Amino acid sequence: KQEVTQIPAALSVPEGENLVLNCSFTDSAIYNLQWFRQDPGKGLTSLLLIQSSQREQTSGRLNASLDKSSGRSTLYIAASQPGDSATYLCALGSSGNTPLVFGKGTRLSVIA
Amino acid sequence: NAGVTQTPKFRVLKTGQSMTLLCAQDMNHEYMYWYRQDPGMGLRLIHYSVGEGTTAKGEVPDGYNVSRLKKQNFLLGLESAAPSQTSVYFCASSVGQNYGYTFGSGTRLTVV
C-alpha cells in the first residue's frame, strides 16, 4: 500500500525567502505525482502534475521535482509571498486505475 | 465554467438520519471521486467511479453508498449517519488517471 509522508507538518518563513516542501512515498511504481494547494475552508487547487517519466515541472515561481529511485518529490517556491500561505498537499497516482493517494500536507505561513 | 459543484455546502444531521451529497461536473470527465478530510488524517478516498454506471470502493467505504447514473453526476449517500461521519467531504473529477484532478469546494457535514 502506497504511503505518502509530508514533513514538516507546518512551516513559517519570512516573506521573500526561497523554500522547499518535501514529499516522500514508499512505492516507487508510480504513474504521476501532483501537488495541490488548499486555502482554509476551500477546496484543492492543482498546482503541478509530474508524469513518472519526467523529472520536474515548473509554473511561475513553483518548481516540482520527482526522484522515483529515492521515493521523493520536492516543491520549490521562489521568493515567497504572504499570498502563498496555504496548505500544500502532494498526491500520488499508481499504475492502473487507482485514484490518488494524498499526504497530510504542509501548512505554510509566509510572514510579511 | 462551473467546474465541479457540490451541494449542499453545509449540513447538520442527527444520528440515524440519511442524506445525499450531490457532485456535478460540467467538464465531461470520465472519472469522479469522493474523499473525506479530517484533521490529522488527511484526505481519504471513500468511493470512486471510472465512468457512467460504474462505482468502486476506496479506503473508507463503510457507511456510504454511491451512484453514477449520469456521467456528470456522482452521488454520495449516508443511510444512517453516525458522529464518526462528521467531516468535510470533497468531490473531484478527472479526464483520466494520468491527468489533474479538479476539486469541488467541499461539503461540511456535522452529525450530532
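Bear in mind these aren't lab numbers, they're just calculated from the coordinates by the rules spelled out. Keep in mind that what you see is a predicted model, and the values were worked out from it rather than measured. Neighbour counts run over all protein chains shown; Cβ positions are idealised from the backbone, glycine included.
So the values come out like this:
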{"quantity": "Assigned charges on the beta-carbon of Lys, Arg, Asp, Glu; chain B dipole about Cα centre (debye)", "calculated": "240"}
{"quantity": "Fraction in percent of alpha-carbon pairs per bin - 5 Å, chain A", "calculated": "2, 13, 24, 26, 19, 10, 5, 1, 0"}
{"quantity": "Fluctuation leader among B:Leu69, B:Leu45, B:Leu22 - chain B, Gaussian network, Cα springs under 10 angstrom", "calculated": "B:Leu69"}
{"quantity": "q = 0.10, 0.22 Å⁻¹: log10 I(q)/I(0) that the Debye formula gives for chain B, counting C-alpha atoms only", "calculated": "-0.25, -1.23"}
{"quantity": "Chain A - percent relative contact order, Cα under 8 Å, separation 6 or more", "calculated": "37"}
{"quantity": "For residues of A:99-108, the mean tally of beta carbons on other chains within 10 Å", "calculated": "5"}
{"quantity": "Those lysines that a straight Cα-Cα span of less than 17 Å connects to A:Lys104, excepting residues fewer than 8 apart in one chain", "calculated": "A:Lys1, A:Lys42"}
{"quantity": "Backbone HN-Hα couplings from phi across the stretch B:92-101 [Karplus 6.51/-1.76/1.60, Hz, Gly and Pro as x]", "calculated": "9, 9, 8, 5, x, 5, 8, 10, x, 8"}
